[in-house]
Structure formats: C-alpha cells, structure tokens
Amino acid sequence: MNPLLKARNLTKLFGKGCSQCLEQTGPDQETNLCPRCGTVVACADVSFDLYPNEVLGIVGESGSGKSTLVRMTHFEWEATSGELYLSKDVLPENLARQLADEDDPYTQNLLTLSSFQQRQVRNALMGMVYQNPYLGLRMNVSSGGNIAERLLGAGWRHIGKMRDRAASLLEKTEISPARMDEPPKNFSGGMQQRVQIAKALSNNPQLLLLDEVTTGLDLSVQARVLDLIRSLQREFQLSLLVVSHDLGVINLLCTRTMVMKYGRTVEAGLTDQILQDPQHRYTQLLVASRL
Amino acid sequence: MLTVERLSKNFDVHILGDKRIAGCRQISFEVNEGEFVALSGPSGAGKSTILKCLYRTYLPTEGKVRYQNQEGKEVDLARADERTVIDLRHREIGYVSQFLEVVPRVPALEVVMEPMLSRNGTNPEEAREQAEELLRSLMIPESLWDAYPATFSGGEQQRINIARALGWQPRLLLLDEPTASLDRDSVAIVLNLLKELRQRGTTMVGIFHDKNVMRATADRVISVGTARKESHV
C-alpha cells in the first residue's frame, strides 16, 4: 500500500534566518531559538508518510513544533522549505489532472502551488479541528450556517440540501439537529468541539487533522469526543493526523507515533513501542511523567 | 517458521544517568510450524522481553528474528519497518499478556468480536455467534457481555483477553502468562481452548509460571538464561 500523503523535510522559520539556524538549534542544543540571529526554528526537516486509513500521532510538549507541522500541512502557514505530495487516487479527477503528470502516482509539490490551488486541494479532501473552537467556528453564526459555509466552499449551492447535510452531520456528532440554528457560542466546550468536527467532516475529507482536540475538556467530555473520533475514523476510513501532548490520547487512537522536540522528530515508531520501549531521552522522560 | 538468532535486548535508561538494564542476552531458538514452545527460566531472566521483542513492542538491540510469513517470505521482525509489523500483527501474529489492554468503553462482546471483524473479515452475525460461544465456554456470565471489561474482576478480564486473542485464530500466538490470574477450573478451560486452536494450526510460544501447566501444554521447553544484570554505559 502506498502512502496517502508524503511530507519531506518540512521546515518553518520565524525570523530572517541565517546559515547557522539549523545547526545551532534542536534537541541536542536544547533550544529552538537561533543564538546567532534570533530566528525561531519552529520545525526543521520533518518528514513523515501517512497511509490510507491510518492514524498517525504526533506527540511533544508545547513549542515542539507539532502544531506548526499541521498548519503547514493544512496550507495555513507557508513552509520555509519542504515538500508535500498527495496520492493522486484520492483527488477528484480534474484536480489530479492539473496537479500530477499522467504516469506519476503523486501530485507535484503541493507547497509550491498557488493559494487558490491549495484551497482547492483543501476543500477536496482535508478537514481540520483545532484545540480552540474559536479558530474553527464562527461563534455568532448558527451551527448549520457554519457547516453550510464549508459546503459552499466545496461547490454546494442548494440551500435545502445543505440544511439536510448539516442536520445529518450534527446528528453524527451527537448534536440534536433541533439546535442547528443556534450559534456555537451558546454551546458547552464539548459541544463546540463536536460542531467543529461536524464542520470538518462536511466535505467528506479523506484526511482529518486534529490539533489537541480534547485538551482542556472535562474527562467525561474528552472520552465522548475521543470515542466519536474513533467511530468516525472507522466508519469513513479516514486518515488521521493526531497532534496531542497527551500520551493517553495517542495510545487510544494511534498505531504509529512521532515524537517531536524543539522542532525536530526525535523518535518515531509503533505506538506501543514508543510507550513501552522509548529510545530517546526526551521520550523516556515523557513516558516516565505519565500520571 | 520462527528462528531467533542471538537476540539481545538492553534498555538504556537515559533519565537514570544512562543506566543499562539487560533484558535478554544472546537468545537463540527455533519454532516449527504447528509447535507449542514454552519459555522457562527464573523471574527476571528475560522471558517476557523475548516475547515483546518478537511482537516488536520492544526494539531488539542485536540479533535476528526470522519469521516465515504465510506466503513463505522471510521477514526479520527485529528490523522490519513499522508498516510490515503492523500488517503482520493484523493478519498473522497475536499477543496476549497477563493484563487486559483494550480500548475503554467498549462492551465485552465487541472487544472479542472486533479482531474477527477487522482481521478475518467475518460477517457481523457470524462473529457475534463465535464470540458468544467463546465467552460461554470461558464461563463469562451473559449479563456481562454488554458491560465494559474495565469494571470486571481480574480473572474475568483475563478471560476476555484470552477470548479476544484466540477468536481470530492468528497464525502465531505469543502468550505471556495467560493463565496467571485464573483459578484452577478456568485454567483447565483455557488450556482446552489453546489445544483446539493448535489443532486448527496455530503455532504458539508461551510463558507459564505454573510448571505443571507448562508441561501439560507445551511440546518443548526452552530454558532462558539467568537473572538480570545491570551496568552503566
């Protein structure tokens, strides 16, 4: 089986950058701040493959670059350098023709596309759920309206059909369709997160990016959101990129896991191996720090 | 089917000042297809470490684990890439430990059905029937079938664990003290189930703390080294 998504050497610098930035930062240097020019090296040379129907975890403390990685993959933040390729099979035909040579199973480097094309790719197959529902939702627009907005972006035009779709998505994420005309600001944190998931699923994405989706929720609410994600993943055979600092979440959802520190991947492997036989000093500390 | 060659595992614990703990050292043995092999040795000799290296929950430090897969192709489990290991775990190799490790908030019956559905592609009704039969033969009361195993007693959890591991009839099954927390009657039932599984062709490598159980089930016993040694690198 071939990867759905291939990321190669993703790098993101905040600052003007210099020739020393990558050498002077990282887990060995214990900093992501270049001592010479003051640039923040948020992410450096990070590569990964994501397979169809696979759940890949990215774990690390805040500031390790895991969210940066996801934002670059979602084309929200422009990468300083790096490459991102998608399997042609998952793209609609017209996009596949535009973005890939006929005999190449992968697209060209998506990071060099125009922002219009990147938006097309995103609308065609990506969904994103943020830790902070304010980033993923318009709080003052009705929940149904939030979903309709994404459907419009994906080319839907019929209002009745959009309402039906929104109602069925909300039902899937355990929100009563009777409340679809209420804005998310009226909802609890767990409900907001579920509306966000419904919105992210509205374009039938193959690839769902989850950035600390359960952080800050009550334990029982957290469990419900995680169970929902698990069942949706199975039902729709989604590929998931799960960013979390919580090893419990990673253990529950992910088959493979990458560990990040100071913008670098320090270790990657099977999730049970990462948790029971961690190799890197930092991973050992992380595992030993579990409650 | 399985050839272990000079397998060693050290744990380098960086957060304890690079302390090196020896898990197992220079282990070699062979397992033929259809055989039931038991690993025996004192506590701390590294028996569980060996099983976890075979399943790749532990990354072996040195040596080879040559496994002949269903298609007759050889894979070195010690070095195979993660996708290959995931694939083998999904299709051929099962592991059952003395502790129940399942997804929380899933009813017992579904815990047992899940591998049959996802790995064998059994249809849901058939999987349900087989799972019910297994739970019945393992004396799990019907009233518990739709409850969450996390709330069960130790012995019940262990039997759910075994039902889950046996139900999908893996080609190779690794057993780490599967009968450790069971009473005598349950042990007899489990051993019977293992016997049935073997008759259907599953090869097994197991650890049993009870010498009588071990002798009653295994074709062959392999002795594993002496107690654990520690050093600093």
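Can you give the calculated 222 nm mean residue ellipticity of chain B, where each DSSP H run of n ≥ 4 adds -39,500 (n - 2.57) and the sum is split over every residue, rounded to the nearest 500 deg cm²/dmol?
Details: 7 runs with 78 residues, N = 233.
Computed mean residue ellipticity for chain B: -10000 deg cm²/dmol.
Find the cysteines in chain A that fail to meet the 4.7 Å Cβ criterion with every other cysteine, and list them.
A:Cys43, A:Cys254
Using only Cα atoms and rounding to the nearest 10 degrees, what angle (0 to 90) does helix B:154-167 make with the longest principal axis of chain B?
With rounding to tens, the tilt is 90 degrees.
If packing is taken as the average count of other Cβ atoms within 10 Å, what order do A:54-64, A:26-36 fall into, highest mean first? Could the numbers behind the result be given before it?
Details: A:54-64: 21.6, A:26-36: 15.7.
Ranking the peptides A:54-64, A:26-36 by packing returns A:54-64, A:26-36.
Round to a whole number: what % of the accessible area of the protein assembly as shown belongs to carbon and sulfur, probe 1.4 Å? Kindly include the intermediate steps, with their values, before the conclusion.
Values: 10970 of 23970 Å².
Accessible surface attributable to carbon and sulfur in the protein assembly as shown totals 46 percent.
If one computes the Cα centroid of the stretch B:98-119 and of the stretch A:109-156, what distance in Å separates the two points?
Here the answer is 35 Å between Cα centres.
Hey, got a sec? Which trypsin sites (Lys or Arg not before Pro) in the stretch B:127-233 land in a DSSP loop and have at most 10 other Cβ atoms within 10 Å?
Details: sites: B:Arg128, B:Arg136, B:Arg159, B:Arg164, B:Arg171, B:Arg184, B:Lys195, B:Arg198, B:Arg200, B:Lys211, B:Arg215, B:Arg220, B:Arg228, B:Lys229; in loops: B:Arg171, B:Arg200, B:Arg228, B:Lys229.
Listed in order of number, the matching sites are B:Arg200.
Note every residue of the stretch B:5-53 with a reduction of at least 50 square angstrom in accessible area, all protein chains present versus the isolated chain, computed with a 1.4 Å probe, or write none.
Checking the loss per residue gives B:His14, B:Ile15.
Summarise the partner chain shielding of A:270-277 as one whole number: the mean count of Cβ atoms from other chains within 10 Å of each residue's Cβ.
Numbers: counts 9, 2, 8, 8, 2, 1, 4, 11.
Counting other chains' Cβ atoms within 10 Å and averaging over A:270-277 gives 6.
If one takes the longest principal axis of the Cα atoms in chain A, at what angle in degrees, from 0 to 90 and to the nearest 10, does the Cα axis of helix A:115-125 lie?
Approximately 70 degrees, to the nearest ten.
Have a look at the stretch A:226-243 and report residues whose accessible surface goes down by 10 Å² or more when the remaining protein chains are included, against the chain on its own, probe 1.4 Å, ligands and DNA/RNA excluded.
A:Asp227, A:Arg230, A:Arg234
Can you give me the angle between helix B:82-91 and the longest principal axis of chain B, using Cα atoms only, in degrees from 0 to 90, rounded to the nearest 10?
Approximately 40 degrees, to the nearest 10.
Take peptides B:185-194, A:166-175 and line them up by average Cβ neighbours within 10 Å, highest first, as a rough protection proxy. Write out the running numbers ahead of the final one.
Numbers: B:185-194: 16.5, A:166-175: 19.2.
In descending order of packing, they fall as A:166-175, B:185-194.
Over the stretch B:101-146, what is the mean sequence separation of C-alpha contacts under 8 Å (at least six apart), divided by residue count, expressed as relative contact order in percent?
Working: 23 pairs, mean separation 20.8, N = 46.
Here the relative contact order equals 45 percent.
May I ask you to give the solvent-accessible area per residue for the stretch A:137-204, in square angstrom, as obtained with a 1.4 angstrom probe? Show your work: numbers first, answer last.
Numbers: 3070 Å² over 68 residues.
Here the per-residue accessible area is 45 Å².
I need to check one value: relative contact order of chain A, counting alpha carbon pairs closer than 8 Å and at least 6 residues apart, in percent.
On the way: 549 pairs, mean separation 71.0, N = 291.
Relative CO of chain A lands at 24 percent.
Need one number: buried accessible surface between chains B and A, 1.4 Å probe, both sides summed, DNA, RNA and ligands left out, in Å² to 100. Each step should come with its number before you reach the end.
On the way: alone 12140 and 13750 Å², together 23970 Å².
When B and A are taken together, about 1900 Å² of accessible area is lost.
Mind checking the stretch A:106-213 for chymotrypsin sites (Phe, Trp or Tyr not before Pro) that DSSP puts in a loop (not H, G, I, E or B) and that have at most 16 other Cβ atoms within 10 Å? Walk me through the numbers before you get to the answer.
Values: sites: A:Tyr106, A:Phe116, A:Tyr130, A:Tyr134, A:Trp156, A:Phe187; in loops: A:Tyr130, A:Trp156, A:Phe187.
The qualifying sites are A:Trp156.
Please calculate the 1.4 Å probe accessible area of A:Thr39, with all protein chains present, and give it to the nearest 10 Å².
Roughly 0 Å² of A:Thr39 is accessible to a 1.4 Å probe.
Using only alpha carbon pairs under 8 Å that are at least six residues apart, calculate the relative contact order of chain B and give it in whole percent.
Numbers: 429 pairs, mean separation 71.2, N = 233.
For chain B, the relative contact order is 31 percent.
So what is the calculated 222 nm ellipticity per residue for chain A, using -39500 (n - 2.57) for each DSSP H run with n of 4 or more, over all residues, to the nearest 500 deg cm²/dmol?
My calculation for chain A gives -10500 deg cm²/dmol from helical runs alone.
Which order do peptides A:139-149, B:82-92, A:40-50 fall in by mean Cβ count within 10 Å, highest first? Display every interim value, and only then the final one.
Numbers: A:139-149: 19.1, B:82-92: 16.9, A:40-50: 21.5.
Taking the mean over residues of other Cβ atoms within 10 Å, the ranking is A:40-50, A:139-149, B:82-92.
The values are calculated or read from the model by the stated rules, or taken from the named source; none is laboratory data. Model, not experiment: these values are computed from the prediction. Please note: Cβ atoms are built from the backbone with ideal geometry, for glycine as well, and neighbour counts cover all protein chains shown. Accessible surface is based on the protein model in full, side chains and every heavy atom, while ligands, DNA and RNA are left aside. Shrake-Rupley method; radii C 1.70, N 1.55, O 1.52, S 1.80 Å.
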